Amino acid sequence: MDDSDGKIAVVNHIEYWYQFVNTEEEDSPLIVLLHGFSGNRTRLQILWDHYQKKGYPILRIDLKGHGQSQKENVKEYNLETCAEEIIQLIDDIAINATEIDKAVIIGHSMGGMIAQWIGIKNPEFLKALILVSTVPYLSEKFEKLTAFASKFYPLIMRFLFKNQKKQHKELGLEYFPEWLPDQSHLQPDTQALREYLISMNEFNVEDKLDRIKVPTLILGGEEDNFGTPKLLKIMNSKIPNSHLEIFPKSGHYPYIDHPDEFIKKINNFLD
């Protein structure tokens, strides 16, 4: 995981950490990776490794309040505002600085919710969307859960994972390095988590999904309790030019459960 050439861009007075490679490549589409709630750029490391090795121009970002992006003195953590800032970031450091004119955004979970806002409000920046394990709105079960978790989630996560380096792999956390003690700088801000959970609870774009006009690939796991097959099918029915793939025996991270097949689905879509 080489992120030593990561940089900081200021958007809306917020410092965003980003990494942008293969910037001279013009024959392949720009890929933008948006991680989910409580994560950082390492959550989609599998996709980063694959597409940067294939020579795609690829941009990954730590959402504000996460990873190495700004965590202090942030006025609000709102998904719609995040979408506006991400578009500005893409425009400033990728589109205006290269010959690339549009992006393929791959958004996982909360990152997919942000990607939906971008597809709805700023389709002119997009070549395509890939929505992974995400939702057009929270299920009733998750509405109640996030209302509870907005108060206690940060405390729970820190209690569970503090000083757990030896047990890290046994806990299934090898893909979540921010919870290792020596990677604590990647951990999300507790206030950010609370406010993101509130914003996720208020998120509902079901009646706006028909505004997404770009080709859209929807991917998810059969056993995901967040991006359930039912919600994935609703997105598929509402987004005009969309295609749905559900991975069997997979949960919220199908790219970890079925990495080869997952990448194959994306490659076929991009081709």
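Just checking, how many residues over segment 20-61 are of a type outside the set (V, I, T) and part of a loop (DSSP other than H, G, I, E, B)?
17
Could you check K53 against (1) surrounded by fewer than 19 Cβ atoms within 10 Å (Cβ to Cβ); (2) closer than 28 Å to Y137 by Cα; (3) at pLDDT 95 or above and say which number it fails?
(2)
Can you tell me which residue within segment 1-39, out of those that are surrounded by fewer than 17 Cβ atoms within 10 Å (Cβ to Cβ) and of a type in the set (S, T, N, Q), is modelled with the highest pLDDT?
Selected residue: N12.
Given the conditions (1) without any contact (Cβ under 8 Å) to a residue 60 or more places away in the chain; (2) out of contact with any strand residue (DSSP E or B) (no Cβ under 7 Å at 6 or more places or on another chain), and given that I58 satisfies all but one, which numbered condition is not satisfied?
Here I58 meets the rest and fails (2).
Would you mind stating whether I105 is at pLDDT 95 or above, surrounded by fewer than 22 Cβ atoms within 10 Å (Cβ to Cβ) and closer than 25 Å to K265 by Cβ?
No; evaluated as a whole, the condition is false for this residue.
With the condition kept exactly as written, say whether any residue in segment 202-213 is farther than 30 Å from K75 by Cα and in contact with a strand residue (DSSP E or B) (Cβ under 7 Å, 6 or more places away or on another chain).
no
Among what's in segment 233-271 and is touching a strand residue (DSSP E or B) at 6+ places or on another chain (Cβ under 8 Å) and hydroxyl-bearing (S, T, Y), pick the residue that is surrounded by the fewest Cβ atoms within 10 Å (Cβ to Cβ).
The selected residue is S242.
Looking at segment 189-213, which of the residues that are polar (S, T, N, Q) and modelled with pLDDT of 90 or more is nearest to the chain's Cα centre (by Cα)? Walk me through how you get there before you give the answer.
Of segment 189-213, the ones polar (S, T, N, Q) are 190-191, 199, 201, 204.
Adding the requirement that they be modelled with pLDDT of 90 or more leaves 199, 204.
Details: S199: 15, N204: 17 Å.
Checked segment 189-213; the qualifying residue nearest to the chain's Cα centre (by Cα) is S199.
Would you check if there is a residue in segment 63-79 being without any contact (Cβ under 8 Å) to a residue 40 or more places away in the chain, of a type in the set (D, E, K, R), surrounded by fewer than 24 Cβ atoms within 10 Å (Cβ to Cβ) and assigned to a helix (DSSP H, G or I)?
no
Among the residues in segment 88-99, are any part of a helix (DSSP H, G or I) and either within 25 Å of M235 (Cβ to Cβ) or under 14 Å from the mean Cα position of the chain (by Cα) (or both)?
Initial filter on segment 88-99 (part of a helix (DSSP H, G or I)): 88-95.
Still in the running and either within 25 Å of M235 (Cβ to Cβ) or under 14 Å from the mean Cα position of the chain (by Cα) (or both): 89-90.
For segment 88-99, residues part of a helix (DSSP H, G or I) and either within 25 Å of M235 (Cβ to Cβ) or under 14 Å from the mean Cα position of the chain (by Cα) (or both): present.
Report, by residue number, each residue of segment 227-271 that is hydrophobic (A, V, I, L, M, F, W, C) and either more than 14 Å from P136 (Cβ to Cβ) or free of Cβ contacts under 8 Å to residues at least 12 places away in the same chain (or both).
I246, F247, I256, F262, I263, I266, F269, L270, listed by residue number.
Inspect segment 113-122 for any residue being in a loop (DSSP other than H, G, I, E, B), without any contact (Cβ under 8 Å) to a residue 60 or more places away in the chain and not β-branched (V, I, T) and give the result as yes or no.
yes
The values are calculated or read from the model by the stated rules, or taken from the named source; none is laboratory data. Here the structure is a predicted model, which means the values were calculated and not measured. A quick note on method: Cβ atoms are made from the backbone with ideal geometry, for glycine too, and the neighbour counts reach across all protein chains shown.
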